[in-house]
Amino acid sequence: MLCPGVVATEFHTRQGLDMSVVARMSAEDVVTAGLRGLELGKVVCAPGVEDAGLLDAVFHADLAAFGSQSPERACRYRTNLSRLNRHQVAGEVLGRFGAYLGGPAASR
């Protein structure tokens, strides 16, 4: 699995985002690192992460969070939403997501 982080491409520029303060790796370096990871037999390749111990920590955190998950929805997600129409649910989700990102919905 290749985990490149933010890659220096025109993707963000086309969205009008200034990424000049964000550490970005070139697409060429991502490809080179990914191929080297394959040569080394790595299952996970994070080219910009120097300390491999951080990847181990993420792996263990993932196991702790998801290792015992159930095929059933957690209790908190079992609320019956049939009373709401899809537009109300979508509006609520998008509003909360926007607030999380600090976007326009945060001022509501």
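Any read-out appearing in this document is the output of simple, stated calculations on the displayed coordinates, not a laboratory observation. Because the structure is a prediction, the values reported are computed rather than measured. All Cβ positions, even for glycine, are placed from backbone atoms using ideal geometry, and neighbour counts span all protein chains on display.
Laid out as a table, the results:
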read-out	value
Linear extension gain, Ala61 paired with Lys42, 0.36 nm per residue minus alpha-carbon span	4.9 nm
Sites matching GluC sites (Glu not before Pro) across the range 1-93 that sit in DSSP coil, with at most 10 neighbouring C-beta atoms within 10 Å	Glu10, Glu50, Glu72
Longest to shortest principal axis, alpha-carbon extents of the range 7-66, angstrom	38, 30, 19
